[in-house]
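S.K.: Sharing a structure below in structure tokens format, with a few things to ask.
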Amino acid sequence: HPLTGIVHAAGVLEDAVVTAQTPEGLAGVWAAKATAAANLHEATREMRLGMFVVFSSAAATLGSPGQANYAAANAYCDALMRSRRAEGRAGLSVGWGMWQVAGGMAAGLSDTDVARLVRFGVKAMSVEHGMALLDAAHRHGHPHPVALDLDPRTLAAHPADTRPSLLRGLATPTPTGRPTASAGARPADLAGRLAALPPSDRHHTLVRLIREQAANVLGHHTDSLTTGGTFKELGFDSLTAVELRNTLSAATGLRLPSGLVFDYPDADALAEHLGGQLAPEDGTPAGQEATDPLLRELAQLENALSSAPVEHIDADAVTARLESLLSKWKAVGASSGSTSAKEQLQVATTDQVLDFIDKELGV
């Protein structure tokens with residue numbers, strides 16, 4: 001019997017944020033999805049097919065954090081099917097959401113990945129529902145429909161600018177209720193509330209906010225996070241770090257850098273940084289209050305050194321720079337005669353100390 005139909009359902013995942021994409025990672029994902037579709041298209045060019053279906057992904061239409069390579073490969077498939085239809089050939093590319101199956105590509109999703117999808121209202125569809133949607137897509141006639149289970153009410157709980165742009169019109173506002181930081185809403189006048197608290201309470205409030213957001217991103221309960229652990233130890237990677245930055249930006253109203261959790265490696269250090277922007281102290285700090293910010297900056301440097309790929313860097317150059325920095329820091333104390341470095345540290349402002357470090361490290 002002659003070949004009359006094709007269903008291309010192959011694909012692989014190798015997730016990473018855009019800045020961490022590699023030619024190898026792109027090629028592997030592209031080969032299984034886009035190259036295979038192109039080969040099938042060329043191999044059957046002279047055949048009269050009644051069906052040519054590609055299992056694409058909603059990631060190509062809506063975007064998906066950490067899946068730039070996968071989204072690009074599926075977008076190629078979407079375009080290929082549109083091109084076939086324009087030529088009068090069979091062609092259907094279905095942009096699928098998440099399926100409720102035990103194996104396949106969904107098996108590679110971590111609990112954090114699934115939690116991210118669920119937070120934005122994407123639900124796993126049953127096999128029966130998926131097959132029914134496939135039949136509906138075939139009957140509809142459009143070359144590229146998107147098929148996924150989506151709860152608009154869950155989507156509406158997030159600030160509009162954090163939703164996929166194509167879905168903002170589907171999300172209807174929920175009735176006004178008590179705002180929660182974990183839902184992505186900014187607490188009412190956070191800076192004002194912090195300013196009315198004692199310094200220690202401000203810090204505890206921000207630490208609690210950070211831990212709640214971190215647990216939400218990782219799909220855990222707040223109590224399950226290890227107190228005092230670094231974000232890296234908790235399981236944060238480049239993708240989840242950016243997501244935490246986004247939720248904290250929404251919760252605080254601050255514009256925060258994408259490498260926030262790597263610059264401030266634990267909740268305490270990050271709370272101190274956010275507190276300085278939301279409710280800065282008046283006057284010049286002294287003693288331990290002046291020393292702590294410097295020690296936190298040094299902790300960041302220590303964290304960067306401990307996680308650096310030593311085999312790929314010039315370790316001697318880094319060592320020489322650190323030794324030079326230490327020598328100059330000691331000279332600062334010696335230049336004041338009887339005044340010790342410890343005494344100078346107690347009277348120096350945080351900005352003065354950090355400015356010195358910035359200049360010497362070239363950051």
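Values in this text are rule-based calculations from the coordinates and carry no lab data. Quantities reported herein were computed from a predicted structural model and do not represent experimental measurements. Positions of Cβ are generated from backbone atoms using ideal geometry, with glycine treated the same way; all protein chains shown enter the neighbour counts.
S.K.: For GLY219, list long-range residues whose amide hydrogen, built 1.01 Å from N in the peptide plane, is under 5 Å from its own amide hydrogen.
M.R.: When sequence neighbours closer than 5 places are left aside, there are no close amide H contacts.
S.K.: Continuing with the same structure: Using amide H atoms built in the peptide plane, which far-off residues or other-chain residues are under 5 Å from VAL122 H to H?
M.R.: ASP151
S.K.: State the percent of C-alpha pairs, over all pairs in region 5-156, separated by a distance greater than 22 angstrom.
M.R.: When every Cα pair of region 5-156 is considered, 41 percent fall beyond 22 Å.
S.K.: Same structure, new question: Cut-off 13 Å, label point 7 angstrom out along Cα-to-Cβ of HIS220: give me the residues of region 242-280 whose amide nitrogen falls inside.
M.R.: 267
S.K.: Place a +1 charge on the Cβ of each Lys and Arg in region 5-156 and a -1 charge on the Cβ of each Asp and Glu, then give the dipole magnitude about the Cα centre in debye, rounded to the nearest 20.
M.R.: Using only the charged Cβ atoms, the result is roughly 460 debye.
S.K.: Turning to a different aspect of this structure: Using amide H atoms built in the peptide plane, which far-off residues or other-chain residues are under 5 Å from SER57 H to H?
M.R.: So SER57 has HN proximity to TRP96.
S.K.: Using the crude model of +1 on Lys and Arg Cβ and -1 on Asp and Glu Cβ, and no other charge, please compute the dipole size for region 189-282 relative to its Cα centre, in debye to 20.
M.R.: 200 debye
S.K.: Separate question: Could you point to the residue in ALA124, TYR76, PRO23 farthest towards the positive end of region 5-156's charge dipole, with +1 and -1 charges on the Cβ of Lys/Arg and Asp/Glu respectively?
M.R.: The residue sitting farthest along the positive end of the dipole is TYR76.
S.K.: Sorted from fewest to most neighbouring beta carbons within 10 Å, what does the list PHE262, PHE52 look like?
M.R.: Fewest-to-most Cβ neighbours within 10 Å comes out as PHE262, PHE52.
S.K.: OK, next. Please compute the modelled spin-label separation between LYS232 and ALA43, points set 7 Å along Cα→Cβ, answer in nm with one decimal.
M.R.: 4.6 nm
S.K.: Next question. Taking R0 as 25 Å, what FRET efficiency do you get between GLU128 and LEU3 from their Cβ-Cβ distance, rounded to the nearest 0.05?
M.R.: 0.35
S.K.: Calculate log10 I(q)/I(0) of region 189-282 for q = 0.16 Å⁻¹, where I(q) comes from the Debye formula with a single equal point scatterer on each Cα and nothing for solvent.
M.R.: -0.59
S.K.: Can you put TYR76, TYR264 in order, fewest other beta carbons within 10 Å first?
M.R.: Least to most surrounded, the residues fall as TYR76, TYR264.
S.K.: Determine, for each peptide in 135-145, 54-64, the mean count of other beta carbons within 10 angstrom over its residues, then list the peptides with the highest first.
M.R.: Taking the mean over residues of other Cβ atoms within 10 Å, the ranking is 54-64, 135-145.
S.K.: When a footprinting reagent is the concern and you count Cβ atoms within 10 Å, what order do TRP96, TRP30, TRP329 take, fewest first?
M.R.: If I rank by nearby Cβ atoms, fewest first, I get TRP329, TRP30, TRP96.
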